[in-house]
Structures are given as structure tokens and as C-alpha cells.
């Protein structure tokens, strides 16, 4: 394992006057996507690169609101690239490669997290561009991308290269947008509600 000292990297970042950057949390191996709850708990999904990091989901708690993590809690482990995390109505949603999971009433159970409930197992299991960033839209639906299963191809299955959306219970999946190679982040315009995404 590499002996990485994050502060050394932070010291090299040049910021405009009036800005500063500080380390918030350590020991969050493989951190990739994040979602923050209204109470301020930061949930972190991970991306396992070539089997080096087991698929974990973390909760990072800053109890005294000093912008320094007081505790890093592992909520789930041994998941299949649990990159995407989204918090809604007390529950944490997690996107694996081919499944969407839910940890119910998570903030009441951070120290003893419940077993993940599978709300959908209907997504492809292709690893190439298979990790998922997820977010709830202004319509209350969970948006889930499905990347193209290769770098340059025309897959036969229409689900690839899309952004889908499902109800919070996992039902009602529909394709919302097509022709998207592999989005790794999206959000909605606060006024027009247009979906903006990276690709």
C-alpha cells in the first residue's frame, strides 16, 4: 500500500485570494461519489479499481460542525463497485454495477446499519463503464445512468448509453435520455429544471 500524505498534495494546490482548502477526512479508501444528508452526514461510495479496494460505502460524521470529520463509519462492504450514493427521506440508496440497494432509516442506525435491501436488480452486469453516479431529480425519481459497455461500439441492447429513472421503490424504470457514452455526474438547473450532465 502506498504511504500517501494528503496534506502534501493540498499544499500544492493554488487557490484565489480568500479561498482555502483543508483535509476533511482520512481513511476513506477508494472514495468516489458523495451525497450529503440534511443533517450533514456525508455518504461516500467507492470505486474498486482492479480488485484493489473492496466495495465499501461510508458515512462521515462531523458532530461539532467544525468541518473536520469526527468519525468514518463503514456502512456496507463487499459490494460490487458501489460508486453511486443518494440520500432521500431518511434512506440511503446505493448503486452497484447491476443493482440498486437501499439502507433504510440509515441515520438512526449508523452504528448498526441494516442489511441492504435490493430495490432493483434489472441493470446490466457489464463492468466497462458500469459504475453508476445516482441522484434524485426534482420529480422525486432516482436517476441511474447505464454507460456504453465498450469504448467504441453500438450495443444492441437499448439500455446502454442512457440515463434511466426509477421510482424510489425500484419500479417504473424508463429511459430518460439516450446517446450518452458514460456520465459520471449530473444535476438539475435550479430554475428551469433542465438536466445537466458530464459525458
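The values are calculated or read from the model by the stated rules, or taken from the named source; none is laboratory data. Note that the structure is predicted; figures quoted are calculated from it, not measured. We place every Cβ from the backbone using ideal geometry, glycine too, and count neighbours over all the protein chains shown.
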message: If residue 56 satisfies all but one of (1) in a strand (DSSP E or B); (2) more than 28 Å from residue 182 (Cβ to Cβ), what's the number of the condition it fails?
response: (2)
- prompt: Which one of the conditions (1) touching a residue at least 24 places away in the same chain (Cβ under 8 Å); (2) over 30 Å from residue 154 (Cβ atoms); (3) assigned to a loop (DSSP other than H, G, I, E, B) does residue 126 fail to meet, given that it meets all the rest?
  reply: (2)
query: Quick one: in region 129-149, which of the residues that are out of contact with any strand residue (DSSP E or B) (no Cβ under 6 Å at 6 or more places or on another chain) and surrounded by 14 or more Cβ atoms within 10 Å (Cβ to Cβ) is modelled with the lowest pLDDT?
result: 130
query: All but one of (1) touching a strand residue (DSSP E or B) at 6+ places or on another chain (Cβ under 7 Å); (2) outside any strand (DSSP E or B); (3) in contact (Cβ under 8 Å) with a residue 60 or more places away in the chain hold for residue 169; which doesn't?
result: (3)
field: In region 76-90, residue nearest to residue 125 (Cα to Cα) [restricted to those that are surrounded by fewer than 21 Cβ atoms within 10 Å (Cβ to Cβ) and in contact (Cβ under 8 Å) with a residue 60 or more places away in the chain]
entry: 88
- prompt: With 152, 97, 175, 73 as the choices, which residue is surrounded by fewer than 18 Cβ atoms within 10 Å (Cβ to Cβ) and assigned to a loop (DSSP other than H, G, I, E, B)?
  reply: 152
